[in-house]
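Report on one structure; see the data block that follows.
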Amino acid sequence: MILEELSIINYKNLVQAELQFSPKINCFIGNNGMGKTNLLDAVYYLSFCKSYTNPIDSQIIHHNADVCMLQGRFLSEENAREEIYSAIRRRQKKQFKRNKKDYERLSDHIGLIPLVMISPADNELITGGSDTRRKFLDMAISQFDKEYLRALVRYTKALQQRNVLLKNEEESSDITLLELWEDQMVEEGCLIHRKRKAFIEEFTPIFNDFYARISQSGETVSFDYISQLNEADFREILGRNRQRDMAFGHTTTGIHRDELEMLLDGYPIKKVGSQGQNKTYFVSLKLAQFHFLQQTGHTTPILLLDDIFDRLDAHRVEEIVKLVSGSGFGQIFLSDTNRESLDRILVRTHNDAHIYSVTDGEINRLKE
């Protein structure tokens, strides 16, 4: 998938921009805080219906405005054009349209524009809580597996309804209603658990290969998928813990408690990894995700690289440059504070490249 044109109005500090992009490499240069990340985040928003960094939509609207608008024109590998439009207004439900038609459900959009973003914020995958790693699993699988996404939506709804009953002392005595929601949780949860296990099994060797190529070391990387469903029947677990859940007022067991432990040479990387190893880990993780999506999907994903070269030694930077400059990657959006890393990529590729300066939210194309 290629993003040909992007219109931006009041997206964070980007007041207005009309941009046409290269089908291969688009580089954004500027100091920190100028708007480079916001530009990449706008591209991400059109793929996932949400910001990469701001979970609350109202926070992405420019502080002097009441509405934010994004419009992108994409070209598929089958030469089909897709026009995606989004408008976010304060205190109103956001609009999301494909070719001027509203979506009934935003989840229907996920996967249309496959995309992988690599950012310094991805260090949270290593240092953050288990919910961060579950989110990575869910977004990675949902982009190529609609059945998984639908199951995730239904499971979340059933979980929320069960929790409402658990908090209501009168209604929680209605075991029939509780069991109704538990039946849905079991059906969808078992499917999600099965697909997570299958993904991790197939994904791990790809990830290990990318880590080895970037680190140029004998270190191995892997995962430990920790789930209550690994060893026990989900329905039996829910029934056994029902009284305790009533006391706590929420559901304490299920796939929403899963953990993806990230390992380096068999040990949790959050405990043993250096800064460089951590960054190599999550960059390799995302590049492996890109490769997996490319192999399983109908189109090559867009790749966003946000300031990823900082705090990596020279040989690791060189290996990343080799990888993303290769023919296996499609359209790339790349930001950095100086041109040195960007020029090292550009010198390796003979493809068309656009270079932009970003200063206080103003984006201007430079002469290559």
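Couple of notes before you dig in:
- Within region 10-29, the residues that satisfy the criterion of being crowded, with 18+ Cβ neighbours inside 10 Å and over 20 Å from Val324 (Cβ atoms) are Asn10, Tyr11, Lys12, Leu14, Ala17, Leu19.
- Counting residues in region 50-60 that are more than 19 Å from the chain's Cα centre (by Cα) and buried (at least 17 other Cβ atoms within 10 Å of the Cβ) gives zero.
- Summed over region 233-275, the residues that are in contact (Cβ under 8 Å) with a residue 12 or more places away in the chain, of a type in the set (S, T, N, Q) and either closer than 30 Å to Lys167 by Cα or crowded, with 17+ Cβ neighbours inside 10 Å (or both) give a count of 3.
- Only one entry of Tyr103, Tyr85, Tyr52 meets the criterion of being under 30 Å from Met262 (Cβ atoms) and hydroxyl-bearing (Ser, Thr, Tyr), and that entry is Tyr52.
- Filter result (of a type in the set (S, T, N, Q), more than 23 Å from Asp224 (Cβ to Cβ) and in contact (Cβ under 8 Å) with a residue 60 or more places away in the chain) within region 96-147: Ser119, Gln143
- In this structure, Glu201 does not satisfy being within 30 Å of Asn163 (Cβ to Cβ) and either of a type in the set (Val, Ile, Thr) or free of Cβ contacts under 8 Å to residues at least 12 places away in the same chain (or both).
- Residue that is modelled with the lowest pLDDT [pool: residues in region 167-209 that are more than 17 Å from Arg154 (Cβ to Cβ), polar (S, T, N, Q) and assigned to a helix (DSSP H, G or I)]: Ser172
- Taking region 213-232 as the range and being out of contact with any Gly (no Cβ under 8 Å at 6 or more places or on another chain), in contact (Cβ under 8 Å) with a residue 12 or more places away in the chain and either buried (at least 16 other Cβ atoms within 10 Å of the Cβ) or part of a loop (DSSP other than H, G, I, E, B) (or both) as the test, the residues that pass are Ile214, Ser215, Gln216, Glu219, Val221, Phe223, Tyr225, Ser227.
- Taken together, the residues in region 304-335 that are closer than 21 Å to Pro205 by Cα and either of a type in the set (Asp, Glu) or within 15 Å of the chain's Cα centre (by Cα) (or both) amount to 1.
- Residues of region 39-59 that are under 17 Å from Leu115 (Cβ atoms) and touching a Ser or Thr at 6+ places or on another chain (Cβ under 9 Å): Leu39, Leu40, Asp41, Ala42, Tyr44, Tyr45, Leu46, Cys49, Tyr52, Thr53.
- Test set (1) in contact (Cβ under 8 Å) with a residue 40 or more places away in the chain; (2) over 25 Å from Leu293 (Cα atoms); (3) part of a strand (DSSP E or B) - Glu18 fails condition number: (1)
- Test: residue in region 82-94 that is of a type in the set (Gly, Ala, Ser), within 16 Å of Ser51 (Cβ to Cβ), crowded, with 20+ Cβ neighbours inside 10 Å and without any contact (Cβ under 8 Å) to a residue 60 or more places away in the chain: yes
Here is a yes/no grid of residues against (1) in a helix (DSSP H, G or I); (2) touching a Gly at 6+ places or on another chain (Cβ under 8 Å):
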| position | (1), (2) |
| --- | --- |
| Ser47 | yes, no |
| Gln71 | no, no |
| Asn79 | no, no |
| Ile84 | no, yes |
| Arg134 | yes, no |
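Per-residue answers, yes or no, for (1) modelled with pLDDT of 90 or more; (2) surrounded by 18 or more Cβ atoms within 10 Å (Cβ to Cβ); (3) of a type in the set (Gly, Ala, Ser):
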{"residue": "Leu287", "(1), (2), (3)": "yes, yes, no"}
{"residue": "His291", "(1), (2), (3)": "yes, yes, no"}
{"residue": "Ala314", "(1), (2), (3)": "no, no, yes"}
{"residue": "Gly326", "(1), (2), (3)": "no, no, yes"}
{"residue": "Gly330", "(1), (2), (3)": "no, yes, yes"}
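- Flag if Tyr52 is aromatic (Phe, Trp, Tyr), out of contact with any His (no Cβ under 7 Å at 6 or more places or on another chain), part of a loop (DSSP other than H, G, I, E, B) and modelled with pLDDT of 90 or more: yes
The values are calculated or read from the model by the stated rules, or taken from the named source; none is laboratory data. Just so it is clear, the structure is predicted and the values come from calculations on it, not from any experiment. Heads up, the Cβs are rebuilt from the backbone with ideal geometry, glycines too, and the neighbour counts pull from every protein chain shown.
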